[in-house]
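These notes are about the structure you will find just below.
The values are calculated or read from the model by the stated rules, or taken from the named source; none is laboratory data. Since the model is a prediction, treat every value here as computed from it, not as a measurement. Virtual Cβ from ideal backbone geometry, glycine too; neighbours counted across all protein chains shown. Just so you know, the surface numbers come from the protein's heavy atoms only, side chains and all, with ligands and any DNA or RNA stripped out. Shrake-Rupley method; radii C 1.70, N 1.55, O 1.52, S 1.80 Å.
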Protein chains: 2
Amino acid sequence: MKSNFNEKQIQILEVAEVLFAEKGFDGTSIRNIAKVAKINVAMVSYYFGSKERLLESLIVYRTSDLKNQLDNLLQEDLEPIDKINKLIELYINRINSNRGIYRILHFEFTSKKREQNLQAFSELKKGNLKSLETIIEEGQKKGIFRKDVIIPLITPTILGTFFHFHMNKPFFENLLNLKTEDLYNNYIKTNLTKHIQQTIKALLIYES
Amino acid sequence: MKSNFNEKQIQILEVAEVLFAEKGFDGTSIRNIAKVAKINVAMVSYYFGSKERLLESLIVYRTSDLKNQLDNLLQEDLEPIDKINKLIELYINRINSNRGIYRILHFEFTSKKREQNLQAFSELKKGNLKSLETIIEEGQKKGIFRKDVIIPLITPTILGTFFHFHMNKPFFENLLNLKTEDLYNNYIKTNLTKHIQQTIKALLIYES
DNA sequence: GTTTAAATTAAACGCTTGTTTAAATTTGTT
DNA sequence: AACAAATTTAAACAAGCGTTTAATTTAAAC
């Protein structure tokens, strides 16, 4: 898919992503973005109209191809539990390599004041949930998954675990001795991913 | 435990809590706090020194008695799994009835720029983890809990699930038809709490 | 090469920010 | 009642905010 933004716009968007993620939307000024991106303050208004619209553009720019990735996964020929594991891996990989925008989404779109812009984001989440539902129902029909799980609460467990870990990065770096960025990333890719997969598997398959 | 803050200070703190939670630290101005609390803008500086120190005071004011609650739980005469369930309930109840401050902690103390104030908060988290560890090791000794779980990752699953649900409140209100505040609260108290307990139990007890 | 449109700039706009000042008021003590 | 200390106030401060303006430079079209 070709992007609707030109070079200059992308340059601004990517600086904005870093700064919004680092210091929040309110904590970042247009002058701050302009300085880092080495452009004039007026360029943001010129290209995006306003600071608020810059944020919207950023979200469009970064989340437009997730749905495709999920659809591809659904059509693979795998056992339900393997699909779940792959979905967890996909989520974590994706969020982990787009930390900036997901941090921004997490921080800015949970507050009341931005509820009006929520629609596109909300549709994205509903689509994601639908994909998960499809996989789980398939597993239930096959008699592999238990039927008393509340499917909409599984996403919070997957994403919430990851986010809570990542949002408390300094704490866990210290606690688990993850001194370098590589060690930290590796811990996410292996231990944290495995923990989440293990947790969801236990939840779906366990029979008391 | 008696509070170190006088009436006027508490009045300011509680308004600040509401506004910080609602609009974020950067999104809330001292004049905004002053207007809602019906005091003069200068009073914040007079009583707390600065806006930043107001935030620190707020955290002290709201988190000073959690440790006691956890210690009491540890000394109860219960099976490990019941202690875990009670701990989950305690966490959720506590966070749920102090949503403001936990939202603020979650939002403000995960960004790089406030890392220096993190120490007191970090100690709190370490203490909480220690309590959880004690319970799980007890269960492992008794042969009830599996031994290949990564204990520090259980807290992210418990709290992360809750937070992710709560941070996406508008989405889940819509999805699950929780039209009133009462319905929403009740869903947390019953279904969400049960989901988390079920998840952690499955994780701890499941044997492949 | 001239004309037209797009991009970029510096400067200014009015407004809000956190904090300080110094004067006024209230409260407590003798 | 008189004094001192604590509290509260309105006003001012400099600095930063998002956005707009109008002039200038660059690029494209003819």
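Please specify each residue of segment B:27-42 satisfying the condition of being near DNA strand C (Cβ under 8 Å from one of its atoms), of a type in the set (Val, Ile, Thr) and outside any helix (DSSP H, G or I).
B:Thr28, B:Val41
Would you mention how many residues in segment A:168-208 are within 9 Å of chain B (Cβ to nearest Cβ) and touching a residue at least 40 places away in the same chain (Cβ under 8 Å)?
Going through segment A:168-208, the residues within 9 Å of chain B (Cβ to nearest Cβ) turn out to be A:168-172, A:174-176, A:191-192, A:194-196, A:198-206, A:208.
Of the ones still in play, those that are also touching a residue at least 40 places away in the same chain (Cβ under 8 Å) are A:192, A:196, A:199-201, A:203-206.
Adding up the residues that qualify gives 9.
From A:Ile95, A:Ile154, grab the single residue that is under 22 Å from B:Ile200 (Cα atoms) and at pLDDT 85 or above.
Details: A:Ile95 fails: under 22 Å from B:Ile200 (Cα atoms).
Result: A:Ile154 is the single residue among A:Ile95, A:Ile154 that is under 22 Å from B:Ile200 (Cα atoms) and at pLDDT 85 or above.
Can you name every residue in segment A:146-162 that is in contact with a helix residue (DSSP H, G or I) (Cβ under 6 Å, 6 or more places away or on another chain), open to solvent by 40 Å² or more (accessible area, probe 1.4 Å) and more than 8 Å from chain B (Cβ to nearest Cβ)?
Scanning segment A:146-162 gives a single hit, A:Lys147.
B:Val18 versus (1) hydrophobic (A, V, I, L, M, F, W, C); (2) open to solvent by less than 60 Å² (accessible area, probe 1.4 Å); (3) modelled with pLDDT of 90 or more: which is the lone unmet condition?
Against the list (1) hydrophobic (A, V, I, L, M, F, W, C); (2) open to solvent by less than 60 Å² (accessible area, probe 1.4 Å); (3) modelled with pLDDT of 90 or more, B:Val18 comes up short only on (2).
Give the residue that is farthest from DNA strand D (Cβ to nearest atom), with candidates limited to residues of segment A:67-86 that are assigned to a helix (DSSP H, G or I), within 19 Å of A:Ile136 (Cβ to Cβ) and open to solvent by 50 Å² or more (accessible area, probe 1.4 Å). Walk me through how you get there before you give the answer.
Just the residues of segment A:67-86 that are assigned to a helix (DSSP H, G or I), to begin with: A:67-75, A:80-86.
Okay, now just the ones that are also within 19 Å of A:Ile136 (Cβ to Cβ), so A:67, A:69-75, A:80-86.
Among the residues that remain, those that are also open to solvent by 50 Å² or more (accessible area, probe 1.4 Å) are: A:67, A:69, A:71-72, A:75, A:82, A:86.
Working: A:Lys67: 30, A:Gln69: 33, A:Asp71: 36, A:Asn72: 37, A:Gln75: 42, A:Asp82: 46, A:Lys86: 40 Å.
Result: A:Asp82.
Can we say B:Glu89 is open to solvent by 70 Å² or more (accessible area, probe 1.4 Å), within 26 Å of B:Thr155 (Cβ to Cβ) and either within 16 Å of DNA strand D (Cβ to nearest atom) or touching a residue at least 12 places away in the same chain (Cβ under 8 Å) (or both)? Give the steps one after another, and end with the answer.
Working: open to solvent by 70 Å² or more (accessible area, probe 1.4 Å): yes; within 26 Å of B:Thr155 (Cβ to Cβ): yes; either within 16 Å of DNA strand D (Cβ to nearest atom) or touching a residue at least 12 places away in the same chain (Cβ under 8 Å) (or both): yes.
Yes; evaluated as a whole, the condition is true for this residue.
Can you tell me which condition A:Gly24 does not meet? The list is (1) within 22 Å of A:Phe109 (Cβ to Cβ); (2) modelled with pLDDT of 90 or more; (3) not charged (D, E, K, R), and all the others hold.
So A:Gly24 meets the others, but not (2).
Counting only residues that are of a type in the set (Val, Ile, Thr) and either open to solvent by 50 Å² or more (accessible area, probe 1.4 Å) or within 16 Å of DNA strand D (Cβ to nearest atom) (or both), how many does segment B:41-66 have?
Step one: list which residues in segment B:41-66 are of a type in the set (Val, Ile, Thr), which gives B:41, B:44, B:59-60, B:63.
With either open to solvent by 50 Å² or more (accessible area, probe 1.4 Å) or within 16 Å of DNA strand D (Cβ to nearest atom) (or both) added as a condition, the list becomes B:41, B:44, B:60.
Matching residues across segment B:41-66 total 3.
With under 23 Å from the mean Cα position of the chain (by Cα) and of a type in the set (Lys, Arg) as the only criterion, which of B:Lys51, B:Lys38 stands out?
Values: B:Lys38 fails: under 23 Å from the mean Cα position of the chain (by Cα).
None of the others qualify; the one that does is B:Lys51.
Can you pull out every residue in segment A:103-147 that is assigned to a loop (DSSP other than H, G, I, E, B) and modelled with pLDDT under 90? Working first, answer last.
Residues of segment A:103-147 assigned to a loop (DSSP other than H, G, I, E, B): A:109-111, A:142-147.
Within segment A:103-147, A:Phe109, A:Thr110, A:Ser111 meet the criteria.
Within segment B:43-66, does at least one residue satisfy the condition of being assigned to a helix (DSSP H, G or I), within 28 Å of B:Phe145 (Cβ to Cβ) and not polar (S, T, N, Q)?
Going residue by residue through segment B:43-66, those that are assigned to a helix (DSSP H, G or I) are B:43-48, B:51-63, B:66.
Now restrict to residues that are within 28 Å of B:Phe145 (Cβ to Cβ): B:66.
Going one step further and asking which of them are not polar (S, T, N, Q), we end up with B:66.
For segment B:43-66, residues assigned to a helix (DSSP H, G or I), within 28 Å of B:Phe145 (Cβ to Cβ) and not polar (S, T, N, Q): present.
Name the helices (runs of 4 or more DSSP H) wholly within segment A:163-208 that hold at least 1 residues that are under 22 Å from B:His106 (Cα atoms) and open to solvent by 20 Å² or more (accessible area, probe 1.4 Å)? Break it down into steps so the answer makes sense when it comes.
Numbers: elements: A:169-175, A:181-187, A:193-205.
Where helices (runs of 4 or more DSSP H) fall fully within segment A:163-208 and carry at least 1 residues being under 22 Å from B:His106 (Cα atoms) and open to solvent by 20 Å² or more (accessible area, probe 1.4 Å), they are A:169-175, A:181-187.
Scan segment B:16-40 for residues that are within 11 Å of DNA strand D (Cβ to nearest atom) and β-branched (Val, Ile, Thr) and report the count.
Of the residues in that region, 2 qualify.
Can you confirm whether segment B:78-86 contains a residue that is within 14 Å of another protein chain (Cβ to nearest Cβ), within 16 Å of DNA strand C (Cβ to nearest atom) and out of contact with any His (no Cβ under 7 Å at 6 or more places or on another chain)?
no
With respect to A:Arg94, is the statement that it is away from DNA strand C (no atom under 16 Å from the Cβ) and either surrounded by 14 or more Cβ atoms within 10 Å (Cβ to Cβ) or farther than 28 Å from A:Tyr184 by Cα (or both) true? Steps first, answer last, please.
Values: away from DNA strand C (no atom under 16 Å from the Cβ): yes; either surrounded by 14 or more Cβ atoms within 10 Å (Cβ to Cβ) or farther than 28 Å from A:Tyr184 by Cα (or both): yes.
When the stated conditions are applied, A:Arg94 passes them.
Restricting attention to segment A:1-26, report how many residues are under 27 Å from B:Thr28 (Cα atoms), within 11 Å of DNA strand C (Cβ to nearest atom) and assigned to a loop (DSSP other than H, G, I, E, B). Outline the logic, then answer.
Narrowing segment A:1-26 to residues under 27 Å from B:Thr28 (Cα atoms): A:12-26.
Subset that is within 11 Å of DNA strand C (Cβ to nearest atom): A:12, A:26.
Now restrict to residues that are assigned to a loop (DSSP other than H, G, I, E, B): A:26.
Result for segment A:1-26: 1.
(1) more than 16 Å from DNA strand C (Cβ to nearest atom); (2) under 29 Å from B:Phe25 (Cβ atoms); (3) within 14 Å of chain B (Cβ to nearest Cβ): which one isn't true of A:Ile59, the others all being true?
Result: A:Ile59 fails condition (3) only.
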